[in-house]
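The values are calculated or read from the model by the stated rules, or taken from the named source; none is laboratory data. What you see is a predicted model, and the numbers here were worked out from it, not measured in a lab. Reconstructed Cβ throughout: ideal geometry from the backbone, glycine too, with neighbour counts over all protein chains shown.
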Amino acid sequence: MKIKLLAISAAALASTGAHAQSSVTLYGLVDAGVEYLTKSTPNGSGVGKMQSAGMSGSRWGLRGAEDLGGGLKAVFTLESGLNTDDGTAANKDRAFNRLAYIGLQSKYGTLALGRQQTPLYDFGVAYDPRSISRYSLYTLDKGMSSRADNAIKYTGTFGGLTASALYSFGYDTVNGIGEKAGDDKLGREYAASLGYASGPLNIGIVYDFKQPDTVNNTQIQRAGVAGNYAFGPAKVYAGYRWKKESQTGASATTNIYWSGLGYNVTPALSLLGALYYMDMKQISDAKTNPWLFMAQADYALSKRTDLYFMTAYALNQSDKGVSSTLTLDGFSGKGYVTGEKTNQFGAMMGIRHRF
């Protein structure tokens with residue numbers, strides 16, 4: 001449950017006799033389950049293991065606001081990820097690896113400074129059927145879950161229209177990408193998005209630019225357009241993501257297409273199915289374009305606790321002696337799926353609680 005802590009501003013009492021109300025909320029989410037993956041060892045056998053984060057990443061955080069008067073508020077968020085299976089921090093190099101920002105909020109929007117989710121991440125959460133989690137768009141492109149250090153971010157909602165823009169002076173300081181004396185282009189990131197929601201319709205577009213290296217002039221660009229539409233107990237999803245990675249003398253482009261269907265069988269039980277297709281023809285002449293299929297059932301025990309079951313299948317394509325290498329861990333190589341046109345099946349059962 002949420003804990004509200006109320007405080008009185010001593011400075012305001014002393015100077016004006018009035019007081020400004022501030023609040024701090026402790027919140028979080030705990031998610032854990034048991035997953036089985038086929039072909040997940042070097043010898044090709046399957047393995048079952050406990051996993052943190054099936055439906056959502058486990059985290060805890062502090063969120064605060066102070067009313068400054070005149071419709072203006074000071075706001076902050078500190079949020080850290082954790083591994084439910086063993087109790088360790090999700091990132092040992094950052095005390096608050098998910099979010100750490102402070103800003104001002106008014107009727108014109110919120111302007112914040114610090115480590116923040118990029119508009120690209122917000123886009124994925126809104127329009128990916130799986131909201132950028134296990135067996136999702138994140139599996140094919142981990143860059144869709146990007147957060148940025150040293151970022152200035154604006155978000156404003158006006159009626160059904162939501163606009164967001166971000167600029168980072170160095171999006172990954174821990175790994176040495178950004179804020180280097182004499183090189184103001186290293187680690188810079190800028191992004192913008194627009195979303196429109198009206199009744200059952202929700203659509204959006206996004207653009208993101210990163211420069212992780214200036215020696216070879218490496219640049220990574222992503223753009224996307226997507227939407228969803230609800231009718232009765234059902235919701236349909238569709239989207240497209242374009243990516244171009246370039247450096248001096250070379251470039252490569254990939255495309256991802258996805259669609260999905262969610263259905264609320266009862267107020268407690270919901271079903272979801274989604275498919276993702278990655279077009280990699282710009283990387284190789286061979287037709288080695290992988291597919292990802294997933295399905296899930298989610299049952300709410302209460303407003304804050306639910307049980308879930310999900311399955312997924314990574315289907316790799318082979319052509320001209322070359323094969324795609326998608327695993328349910330992504331293209332990281334940690335899934336141990338090897339050989340020509342080798343595919344992988346996964347399933348996970350778990351429990352999630354929000355507080």
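Structure notes:
- Matching option when the condition is charged (D, E, K, R) and surrounded by fewer than 16 Cβ atoms within 10 Å (Cβ to Cβ), among LYS235, LYS303: LYS303
- Residue check for LYS244: over 30 Å from ASN216 (Cα atoms), of a type in the set (D, E, K, R) and surrounded by 14 or more Cβ atoms within 10 Å (Cβ to Cβ): no
- Flag set for GLU35, criterion: in a strand (DSSP E or B), at pLDDT 95 or above and within 30 Å of GLN296 (Cα to Cα).
- Matching residues, the stretch 77-98, being crowded, with 18+ Cβ neighbours inside 10 Å and either in contact with a helix residue (DSSP H, G or I) (Cβ under 6 Å, 6 or more places away or on another chain) or not acidic (Asp, Glu) (or both): THR77, LEU78, SER80, GLY81, LEU82, THR84, PHE96, ASN97, ARG98
- Cross-chain or 6+ apart pairs with Cβ under 7 Å, the stretch 262-273 first and in a loop (DSSP other than H, G, I, E, B), then hydroxyl-bearing (Ser, Thr, Tyr) and modelled with pLDDT of 95 or more: ALA268/TYR299
- Lone unmet requirement of (1) modelled with pLDDT under 90; (2) under 21 Å from the mean Cα position of the chain (by Cα); (3) not hydrophobic (A, V, I, L, M, F, W, C) for ASP285: (2)
- Of the residues making up the stretch 99-114, just one is surrounded by 16 or more Cβ atoms within 10 Å (Cβ to Cβ) and either farther than 21 Å from THR162 by Cβ or in contact with a helix residue (DSSP H, G or I) (Cβ under 9 Å, 6 or more places away or on another chain) (or both), namely ALA100.
- Close pairs (7 angstrom Cβ cut-off, 6 or more residues apart or separate chains): touching a residue at least 12 places away in the same chain (Cβ under 8 Å) in the stretch 105-132, surrounded by fewer than 22 Cβ atoms within 10 Å (Cβ to Cβ) and of a type in the set (D, E, K, R) anywhere: GLN105/LYS73; ARG115/ARG147; GLN116/ARG147; GLN117/ARG147; THR118/ARG147; TYR121/ARG147
- When the residues of the stretch 175-204 are filtered to those that are surrounded by 16 or more Cβ atoms within 10 Å (Cβ to Cβ) and either acidic (Asp, Glu) or touching a residue at least 40 places away in the same chain (Cβ under 8 Å) (or both), the one that is farthest from ALA252 (Cα to Cα) is ASN202.
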